[in-house]
Amino acid sequence: MTPFRIWFAVVLMVVSGGAEATAASPAIGFGELDRILSSHLPLRVDSPPQDSLDQSFAMDDGEVLFRIPGFRTYGCAECHEGSELLKRAADRVRDVIGKLKHLQPEAGPIPLRQYIIQSWADELLQPRQFAHATFDTIRVFPRTILIDEKVYARATHLHELLHLTQSFLGHANELEAYALNARSDPRFMLLNFPYFADVVNVFYVPDLNRILDAFFARPVRDNASVPREVQWYMDPYDPIALETIRLAVEKMQPLLEEVGRLNRRFPLESAYLSEQTGVPSLLLEIAAANRLSIPPAGVSDSVRDEAFAIFDRQMDNLDNTSLGRKVDRKQEAFLWIASQLQLNDPQQRLRLYFDYLKKKFSGPEGRPSLRISDVADFQGFIERKLTEVVQMAESPAMTLLERQATIRFIEDIKTLPIPALP
């Protein structure tokens, strides 16, 4: 992995995706997009504005309040007609709701009650984010809408609406949403490669690293208003490589659907295991290990046993959840296996890893079973997450609708089955 890809995996921008797009070039040129975005970048303000342009619209699952806080304070009224902006926003959301229900009907009702076009960055919608969805509300920057309309074919909105249907928090939610992205355009799988790379590498595209390196090697304009992820999406790329990834995504469809089923059936366990192991792609890898034929690793039984013991020590480590660390336990295990067992072939280590996942997470009739090894740590994890939700609800940046939704969120989580201490 190149130094840039290591960096990108750490600071992966919330570039939400997933519309019915193709790998065709966007309808707008880079220069024109850069010019438009330059006057719609997130503002830095000392305090939120007092004025707000509001209007409610009927959607399939209830009425939604559309808001543009600071419409006059920040000069939006000088160039835009407010009621027209709100109507277009409602039409856009209504269209994307229809797409989501078509693409992922199992997601169920979409509890959207508030849509905020926010011109400034704060603790809820940070400068590097595109959007934020939680507690019945979606927040977007004006630049997000421009990129979504002119480049991403409303991808961000589809991504965030899916988030509203999910029961809990964490990496598993992002994995499910990025899986929806990848089904729609192969470029989203490349942009969000940490969630997919090992499964694609072992089972579908052995030269994925070459494709990724070439994709991210293309130059970007660092002083531009267009985010670098959008630049990589827009700039032409090898059509043969994109078709290779598209075909891989097509073949992965059963796995991507399994990720959604696991996240919806076991939302607490999915969140916990992803954070405890520090592996954001864990649900997809468990699904692949259970559903696909794993290529032989070519090692003796004794070496396999030693490798599995190393995986056990790393994957069962609780430092991420008990001490707040952010260590990728899969990568830690690979380092130990390379050092102690002299297995220097990355493909060999990956095949052993999928063998291990099959052994550890196989349930009845070959379906994945998300077993928790330390119930006390699991319970502590859930309690801490709920405490964070309560603290978030106390933020002055939260609206009344969001605070009301956090109460329902907490009550809903308390109804989910949590294993009792022995």
Handout entry: Leu400-Glu84 FRET efficiency (beta carbon distance; Förster radius 22 Å; 0.05 resolution)
Key = 0.25
Fill in the blank from the handout: Taking GluC sites (Glu not before Pro) as exposed when in a DSSP loop with at most 11 other Cβ atoms inside 10 Å, the chain has its longest clean stretch at 124-393
Practice task
Quick one: give the max-minus-min coordinate of the C-alpha atoms of the chain along each principal axis, largest first, in Å.
Solution key: 73, 53, 38
Handout entry: Cα long-axis angle, helix 282-291 against the chain (0 to 90 degrees, to the nearest 10)
Key = 50
Practice task
Would you kindly derive the ³J(HN,Hα) couplings of the stretch 217-234 from the backbone phi angles with the Karplus curve 6.51 cos²θ - 1.76 cosθ + 1.60 (θ = phi - 60°), listing them in order in whole Hz, with x for Gly and Pro?
Solution key: 6, 5, x, 10, 9, 5, 8, 8, 7, 7, x, 4, 5, 5, 4, 5, 5, 6
Exercise for the section: Note down the Stokes-Einstein diffusion coefficient of the stretch 375-414 in µm²/s, whole number, using a Kirkwood radius over alpha carbon pairs, 10 °C, and 1.306 mPa s. Expected result: 148
Problem - Degrees separating the helix 400-414 axis from the principal Cα axis of the chain, which is the longest one - result: 20
Completion exercise
Taking only C-alpha positions in the stretch 145-190, Rg and Dmax in angstrom work out to 10.9, 31
Problem - From phi via Karplus (6.51, -1.76, 1.60), per-residue ³J(HN,Hα) for the stretch 378-393 in Hz, x at Gly/Pro - result: 4, 4, x, 4, 4, 4, 5, 5, 5, 4, 4, 5, 4, 5, 5, 5
Exercise for the section: Determine the dipole magnitude for the stretch 375-414: charges of +1 sit on the beta-carbon of Lys and Arg, -1 on that of Asp and Glu, nothing else is charged, the reference point is the Cα centre, and the result goes in debye to the nearest 20. Expected result: 60
Practice task
With θ set to phi - 60°, apply the Karplus curve 6.51 cos²θ - 1.76 cosθ + 1.60 along the stretch 200-216 and write out the HN-Hα couplings as whole Hz, x wherever there is a Gly or Pro.
Solution key: 4, 4, 7, 10, 10, 10, x, 9, 4, 4, 5, 5, 5, 4, 5, 4, 8
Handout entry: Spin-label zone in the stretch 40-62 - amide nitrogen under 16 Å from a point set 7 Å from the Cα of Glu123 along the C-beta vector
Key = 45-48
Completion exercise
If amide H atoms are modeled at 1.01 Å from N in the peptide plane, then the residues at a separation of 5 or more from Met59, or on another chain, having amide H under 5 Å from its own are Val64
Fill in the blank from the handout: So the angle from the long Cα axis of helix 346-361 to the longest Cα principal axis of the chain, reported in degrees to the nearest 10, equals 90
Fill in the blank from the handout: The FRET efficiency for Leu103 and Met59, from their Cβ-Cβ distance with R0 = 22 Å and rounded to 0.05, is 0.80
Fill in the blank from the handout: Quick shape check on the stretch 274-351: root eigenvalues a ≥ b ≥ c of the Cα gyration tensor, a/c under 1.5 is rounded, otherwise prolate if a/b tops b/c, else oblate, and it reads oblate
Practice task
Would you please give the FRET efficiency between Arg218 and Arg408, computed as 1/(1 + (r/R0)^6) with r the Cβ-Cβ distance and R0 = 60 Å, to the nearest 0.05?
Solution key: 0.85
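Taken together, the values in this text are just the output of simple stated rules run on the coordinates, not laboratory data. What you see is a predicted model; the values in this text were computed from it and never measured. Note: ideal-geometry Cβ built from the backbone for every residue, glycine included; neighbour counts use all protein chains shown.
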